[in-house]
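Everything on this sheet refers to the single structure shown next.
Just so it is clear, none of the values below were taken in a lab; they were calculated from the coordinates. Small disclaimer: the values here were computed from a predicted structure and weren't measured. All Cβ positions, even for glycine, are placed from backbone atoms using ideal geometry, and neighbour counts span all protein chains on display.
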Amino acid sequence: MNDLDVFRELLGGVSRRDFLKYFTIMASSMGLPLGVGAKMAEAVTNPKRPSVIWLSAQECTGCTESLLRATHPTLDHLILDLISLDYHETLSTPAGHQAEEARQKAIRDNKGKFVLVVDGSIPVKDGGVYCMIGGKPVLQIVKETAPQAGAIIAIGSCASWGGVPSADPNPTGATPVHEILKGTPVVNIPGCPASPYNFLSTVLYYLTFKKLPELDDQGRPKFAYGRLIHENCERRPHFDAGRFAVAFGDDNHRQGYCLYKLGCKGPETYNNCPSILYGDVGSGSWPVGTGHPCFGCSEKGVGFTAPLHALANIKYLTPNTFFTEAYPGKPETTSNIKALGAATAGVVIGAAGAAMLVGLGKKGNDTEEENKEG
């Protein structure tokens, strides 16, 4: 690392200090010790850039578009300086037979070391004829390539859960990657599109430690998908206080109140959207920040499955105990919400919790005047 300045020109003029600062921030965002930043920087400045093969199945190219808009690092810096993107149908310079030959060469030269990225669901009906690449079903290509990879990443909700192509009636038999490769470790990076930083952080972790980051029981990196969106949402205080928008454009909606009653799936969706936002353009870059409910795009069995504006299934309640009652004297808490509150283990709800529960239990036709009482 003492010679890192030698790479300054290679790294697009980035100074050693700024280079190390970037990786220190990256390590911190993943919950790793700050000293790991230097180790990450050393891994990516290795003269032998790691090979990445990106296969596209049933997808819309949204995850690639997401990667194109990353700013730290930028796409050109990523694929020209940090990794060797040896095959990508959208970004590869070769085409046709040349592209397929490049893929085969990259596999041979980097057997057991390259990172395989699969974008999109895999159709299995009728032998997989609904997605063909170079005359072969992508189903066959994935099965042939995966055993030779060092790590496998399924990027996006289509690759992770089946996504849009697998929605009823699923005419092509669209299937997530991990079900195609049963018994093989697959990292799921769900999202529609997936956050480029969740993907890049996973790749950096693998390059640095030569192993995959800690995953949850759904194969997702815990550093990115370890918390519910609801826990860190910018509108969470309004949920706790029982203040909800009940119609798009009403006064409560304009004041930034909680979107739960409009179908927000934040209480049942695991992702770090409110923490890292999206696209480096501030709060207005993710659905809740724009005033639209989260629809659970990254959660299995929620996005593309549950009705868009149906109420979310609240997995657990963690009410703040310091706010005052939002709707004093309102006896409208429904029996199912009371039961939900009673079942919340270890939470002393008291007056503060009652405010939240009363707000949730208010009828869908409440007037705006009633909702303003919060």
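The slack between residue 74 and residue 184, meaning 0.36 nm per residue of separation minus the straight C-alpha distance, is 36.5 nm. Backbone phi angles across segment 254-269, fed through the Karplus curve with coefficients 6.51, -1.76 and 1.60 (θ = phi - 60°), yield HN-Hα couplings of 5, 8, x, 5, 4, 9, 3, 6, 9, x, 4, 9, x, x, 10, 10 Hz in residue order; Gly and Pro are listed as x. Rounded to the nearest Å, what's the spacing between the alpha carbon centres of segment 72-144 and segment 148-171? Just the number, please. Centre-to-centre distance over Cα atoms comes out at 15 Å. Spin-label pair residue 97-residue 310: with each label point 7 Å from Cα along the Cα-Cβ axis, the two points sit 5.2 nm from one another. Residue pairs exceeding 31 angstrom between C-alpha atoms, taken from 182/265; 113/182; 182/315; 222/265; 111/182; 113/315: 113/315. Summarising the amide proton neighbourhood of residue 131: residues at separation of 5 or more, or on other chains, whose placed amide H is nearer than 5 Å comprise 138.
Each of 122, 153, 79, 180 was scored by other Cβ atoms within 10 Å of its Cβ. Listed from fewest to most, they are 79, 180, 153, 122.
Here the Karplus curve 6.51 cos²θ - 1.76 cosθ + 1.60, taken at θ = phi - 60°, turns the phi angles of segment 206-211 into couplings of 5, 5, 7, 9, 6, 7 Hz, with x standing for Gly and Pro. Using a/c under 1.5 as the rounded threshold, could you call segment 255-305 rounded, prolate or oblate? The axes a ≥ b ≥ c are square roots of the C-alpha gyration tensor eigenvalues, and prolate needs a/b larger than b/c, oblate otherwise. Oblate, because a/c is 1.5 or more while a/b does not exceed b/c. Neighbours of residue 291, meaning other residues whose beta-carbon lies under 14 angstrom from its beta-carbon, give a summed charge of 0 when Lys and Arg score +1 and Asp and Glu score -1.
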